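The structure's right below; bear with me while I get my questions together.
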Amino acid sequence: MRNLRLRQFCCIAMLIIMLTACTPADKTSQIRIVTPQPYSSAPIVTSEPTQQPRCYRQAQAVTTLGKLPAQSVRSYLSLGDGRVLAAWDEFLEDGVIIHADIIDIVEQKIEHSISIEGASALYLQKFADGQFVFGGNEDVDLYVCDSQLNIVKRIDLPDAGGVISYDLQHFYFVQDRILYDYDIATGTTQRLNTTVDLRIASTTVDGTDGTTMGVYAYKSEYAYDTFLCLIDLTCGAPIVMRDDVESCQRTDSGTINALSYSDEDFSLDIIIDALGDTRHTNTHDLGIMDIDCMLLPNSPYLMHFFECDIDIPENWENGTVLYSLGEQVTQCDLTDYGINESLWNAAYLPEERLIVADEYENGASNMIVIDVEQLEFTNVCSTERYDFEPVEMSLATARIDEQAQITDGDLTKTRQYADEIEQRYGVTVLLSEQCTAPCSQSGYKVTTTNNADFSNESAQVMQSLKCLDAALAIYPEGFCKQFRNNADECGLRFMLVGPIESQNGVVGFHYDNTQWYNIAIDIDLWDITSTLHHELWHATESKLCSVDSYGFNDGTWETLNPDGFSYIGTYSYDAWEYSTLDDWIYLMEPNDADVYFIDYYSKTFPGEDRARIMEYIMTFDTDAVRLMQSPHIKAKLQVMADAVRRGFDDTGWDTAYWERYF
C-alpha cells in the first residue's frame, strides 16, 4: 500500500509540475501522460549522481537484469554515466502508448519513467545539451525531454524520416530528391544548397559534432544507383564521395564503418573507416556464409545473427557473434555466454564499454548487460588497406543540358520548337543524342534518331513534335505539370527516338526512374498520336499509384470483365490461347454491347487494357462513339476517369476530353 501511495504521489507531482510550467497555448499542455504500466518496478527518483567516478564493470561478462522486464523488446539510447533510455511501444485497439524509462545500469534500477499516449519509439536521439528526443506519432511529433524525463517541448516535424542536428536546431530531410533544412525554432523550411548539384535519395549518418552529415545521392539523373556523400553543413561542400557503400554507421571514435553487398558471391564487403584510412575484408573471410549482419551503432563492432531452422540439427541455436573491426578482426560467440538470441535491438555504451539488449522469453523482455571487457575474443583474420576511387564530380552533377547539346544545325529550329512545347505544358522533351543517357536505363535497346536510318532526321522529328503538341493540347490545362515534384522539377519526359529493339514489336514504352516519368516513342511512325496517348496513360497510372489514390487493385476492375476471365499475364504470343482471343473483342463481336476489350493486346494485363481504352477514346472519334455503346467499356472508362479526378487536382477542369461521352 505504501508503494502504491508513493507511486500515486510521484505521478500527481509530475503532472502538477508540467501543468504549472506550461501556458495553455504550449503544446506540452496537450500531452496526455498515462500512468506507467506495472511491467517494471516503481520509478525511483534518485539524488544527483555522485561526483566520484563510478565503476561500470559488471560482476560477470553477461548480466540479466530480471527485475526490469518489459512487455515488448525495447530500444535503447546511451545517456552516459552508466544510464540508458529504454523505450517500447504498447499497441492497443485504439492507439499506441510509448513507455520510457531511464535505467541506471550500475545500480540496476529505474530512476524515472513516463508513458505517453499517442507517441511511439520512432526516434531516439541524444543531443549536445544532454537533452534527448523520443516519440513520433502519426503527426510526426517528437518529445524533447531532460535528464529526468520531464517533457521540455514538443516538436512537429515536416517529414517522418530525416536527421536532427546535434544542437537540436535543425531537421534535415529529403523530399523529391532534394535535401531540405527545417529550422525547428522558427518552423521554416528551406532548401539546403550544396556546392555540387546533388540529387539525394536519403539521409544517413549524422556528424558527431553537428558539422557534417551523410547522404545517399543518385549517381546521375537517369539511374537508381547511389553513392555515399559526406556533406560539410557549414558550407554545403561534399567532403568525400564513394559509390561502394550501402549501409554505414559511425563508430565511437567518429569514423564510419560500412557494408556493401557483393552480387558475385552473395557476401558483404566490410569497409572499415570508410572515409579515412580505409581497410577492407569480407564476410566470407570471417566464415559468415549469409548476410544477416548489422553494424552496431557508435561502436567498432559488427554483429552476425544466426537462427535455428527446423532442418538444422538440434545442437544449433539462435545466437549472435560479435566481431571487433580493425587491422585485425576478432570475434566472440555470445552463445558461449548463454545468449541464445539475435540481438537486433542492441545498443553500445562507448564510455562504459557495455552493450545492452533484450532477451524475449515467455511474453516478457529481460534486459541483459554485456561487459565487453570481460568477453574473450579470438583472432579471425587481418584486414587489407583499401584505396577507393572517389565518385567523379562530373558523374554526380551530369545534367541533361550538359551531357548532350544539339550540335546538328538542321535540328536547331526543331529544338526551339521542343523548347516551346516544354514551356507550354510543363514537360521535358529530348531529341536525338539527348535520349542516349535516359534510354540506357530503360531496359530496352534503343536507337536514337541521329543513329537511325532517316533520310531527313530534322523533318521526321519535327513531324513528331507536331503530333506531341496536338496530343497534349487536349488534356486539361495544367494536367502535365502535375507530374512534377514539389520542387517543380522533373515530371513527364518525352524521348523521340528511332527503332526500339523488341521481340514483340514495341513502338513505345514508359518507365519511371527517380522523379521522372519517361515516355519513349519510335518516330519511325509518321503519326505517333495514339502511341503517345497509350504511354501517357501508363505514366498517369504510375502517378496515381504514387499519390495513394490508386483504385485499380481493390477488386472493382475485375468485376467489369466477363465471368471467369483472367488476363494472359505475358506479352509472348506463344502463351496466347488463340481459340478464345476473339471473344469479347471490339470489331469481333457482332453486338457492341458484348464488347469488353479493344483488341487482343488488351487481354495481356489490366494496365494494357486501360491504356488501350484511353488510346482509342483520345485518338479515334469514330471508334470512341461505337465503344461507348458497350456498357462494359463505358464502365471501365468511368473507373479510370474517377481515379484521375481523385489523384489529380482538378480545380478549373470542366469536362475532360476522355469524359466527353459521359
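The values are calculated or read from the model by the stated rules, or taken from the named source; none is laboratory data. The shown structure was predicted, so the numbers you read here are calculated from the model rather than taken from an experiment. Reconstructed Cβ throughout: ideal geometry from the backbone, glycine too, with neighbour counts over all protein chains shown. Areas reflect the complete protein model, heavy atoms only, side chains present, ligands, DNA and RNA absent. Shrake-Rupley method; radii C 1.70, N 1.55, O 1.52, S 1.80 Å.
Can you pull out the residues in segment 559-591 that are closer than 25 Å to Thr622 by Cβ, among the aliphatic types (A, V, I, L, M) and modelled with pLDDT under 85?
Matches in segment 559-591: Leu581, Leu587.
Among the residues of segment 631-653, count how many are without any contact (Cβ under 8 Å) to a residue 40 or more places away in the chain and either touching a Gly at 6+ places or on another chain (Cβ under 6 Å) or not aliphatic (A, V, I, L, M) (or both).
Within segment 631-653, residues that are without any contact (Cβ under 8 Å) to a residue 40 or more places away in the chain and either touching a Gly at 6+ places or on another chain (Cβ under 6 Å) or not aliphatic (A, V, I, L, M) (or both) number 5.
What is the number of the single condition among (1) more than 21 Å from Phe605 (Cα to Cα); (2) free of Cβ contacts under 8 Å to residues at least 60 places away in the same chain that Gly491 does not meet?
Here Gly491 meets the rest and fails (2).
Could you tell me whether Ile155 is among the aliphatic types (A, V, I, L, M) and either surrounded by fewer than 20 Cβ atoms within 10 Å (Cβ to Cβ) or more than 18 Å from Gln125 (Cα to Cα) (or both)?
Against the criterion (among the aliphatic types (A, V, I, L, M) and either surrounded by fewer than 20 Cβ atoms within 10 Å (Cβ to Cβ) or more than 18 Å from Gln125 (Cα to Cα) (or both)), Ile155 does not qualify.
Considering only strands (runs of 3 or more DSSP E) fully contained in segment 331-438, which possess at least 2 residues that are open to solvent by less than 80 Å² (accessible area, probe 1.4 Å), among the acidic types (Asp, Glu) and modelled with pLDDT of 85 or more?
Working: elements: 347-349, 354-361, 364-371, 378-382, 428-430.
So the answer is 354-361.
Residues being open to solvent by 10 Å² or more (accessible area, probe 1.4 Å) and either in a helix (DSSP H, G or I) or touching a Phe, Trp or Tyr at 6+ places or on another chain (Cβ under 6 Å) (or both): count how many of those fall in segment 619-635.
Qualifying residue count for the region: 11.
Cβ contacts < 6 Å: first residue within 25 Å of Asp81 (Cβ to Cβ), restricted to segment 141-170; second residue of a type in the set (S, T, N, Q), any location; separation 6+ or different chain. Result?
Going by the 6 Å Cβ cut-off, the qualifying pairs are Val144/Gln131; Asp146/Gln131; Ile151/Thr28; Ile164/Gln125.
Let me ask you something else. Kindly provide the set of residues from segment 258-274 that are farther than 11 Å from Ser247 by Cβ, open to solvent by less than 50 Å² (accessible area, probe 1.4 Å) and part of a loop (DSSP other than H, G, I, E, B), ordered by number.
Asp273
I'd like to verify a number: residues in segment 627-662 that are under 19 Å from Lys603 (Cβ atoms) and of a type in the set (Lys, Arg), how many?
Qualifying residue count, segment 627-662: 2.
Tell me, which strands (runs of 3 or more DSSP E) wholly within segment 146-226 include 1 or more residues that are hydroxyl-bearing (Ser, Thr, Tyr), modelled with pLDDT of 85 or more and farther than 19 Å from Val391 by Cα? Full working, then the answer.
On the way: elements: 151-156, 170-175, 178-183, 188-191, 200-206, 212-218.
Fully inside segment 146-226 and qualifying: 170-175, 178-183, 188-191.
Right, here's the next one. Here is a list of conditions, (1) within 30 Å of the chain's Cα centre (by Cα); (2) closer than 30 Å to Glu376 by Cα; (3) of a type in the set (A, V, I, L, M); (4) open to solvent by 60 Å² or more (accessible area, probe 1.4 Å), and Leu85 meets all of them except one; can you say which number that is?
Against the list (1) within 30 Å of the chain's Cα centre (by Cα); (2) closer than 30 Å to Glu376 by Cα; (3) of a type in the set (A, V, I, L, M); (4) open to solvent by 60 Å² or more (accessible area, probe 1.4 Å), Leu85 comes up short only on (4).
Search segment 88-98 for residues being out of contact with any Gly (no Cβ under 9 Å at 6 or more places or on another chain) and not aromatic (Phe, Trp, Tyr), and hand back the single one that is most open to solvent (accessible area, probe 1.4 Å).
Selected residue: Glu93.
If I ask for residues that are more than 17 Å from Tyr166 (Cα to Cα), surrounded by 15 or more Cβ atoms within 10 Å (Cβ to Cβ) and hydroxyl-bearing (Ser, Thr, Tyr), which ones from segment 210-236 would you list?
Tyr216, Tyr218, Ser220, Tyr222, Thr226
Inside segment 496-520, can you point out the residues that are buried (at least 23 other Cβ atoms within 10 Å of the Cβ) and closer than 14 Å to Ser464 by Cβ?
Leu496, Val497, Ile519, Ala520 - these are the residues of segment 496-520 that are buried (at least 23 other Cβ atoms within 10 Å of the Cβ) and closer than 14 Å to Ser464 by Cβ.
So which residues in segment 125-140 are modelled with pLDDT under 75 and part of a strand (DSSP E or B), if there are any at all?
Of everything in segment 125-140, those that are modelled with pLDDT under 75 and part of a strand (DSSP E or B) turn out to be Phe134, Gly135.
Across segment 636-659, what is the total count of residues that are over 24 Å from Thr559 (Cβ atoms), open to solvent by less than 70 Å² (accessible area, probe 1.4 Å) and out of contact with any Pro (no Cβ under 9 Å at 6 or more places or on another chain)?
Residues in segment 636-659 being over 24 Å from Thr559 (Cβ atoms), open to solvent by less than 70 Å² (accessible area, probe 1.4 Å) and out of contact with any Pro (no Cβ under 9 Å at 6 or more places or on another chain): 0 in total.
Quick check on my filter: what residues within segment 585-610 are in contact with a strand residue (DSSP E or B) (Cβ under 9 Å, 6 or more places away or on another chain) and in a helix (DSSP H, G or I)?
Across segment 585-610, the qualifying residues are Tyr600, Ser602, Lys603, Asp609.
Just to be sure before I move on: is Glu608 over 17 Å from Phe662 (Cα atoms) and buried (at least 18 other Cβ atoms within 10 Å of the Cβ) in the structure I sent? Full working, then the answer.
Values: over 17 Å from Phe662 (Cα atoms): yes; buried (at least 18 other Cβ atoms within 10 Å of the Cβ): yes.
When the stated conditions are applied, Glu608 passes them.
Any idea which of (1) assigned to a loop (DSSP other than H, G, I, E, B); (2) open to solvent by 30 Å² or more (accessible area, probe 1.4 Å); (3) farther than 23 Å from Ser324 by Cα; (4) modelled with pLDDT under 85 is the one Ile239 doesn't satisfy?
Tallying (1) assigned to a loop (DSSP other than H, G, I, E, B); (2) open to solvent by 30 Å² or more (accessible area, probe 1.4 Å); (3) farther than 23 Å from Ser324 by Cα; (4) modelled with pLDDT under 85, Ile239 fails exactly one: (1).
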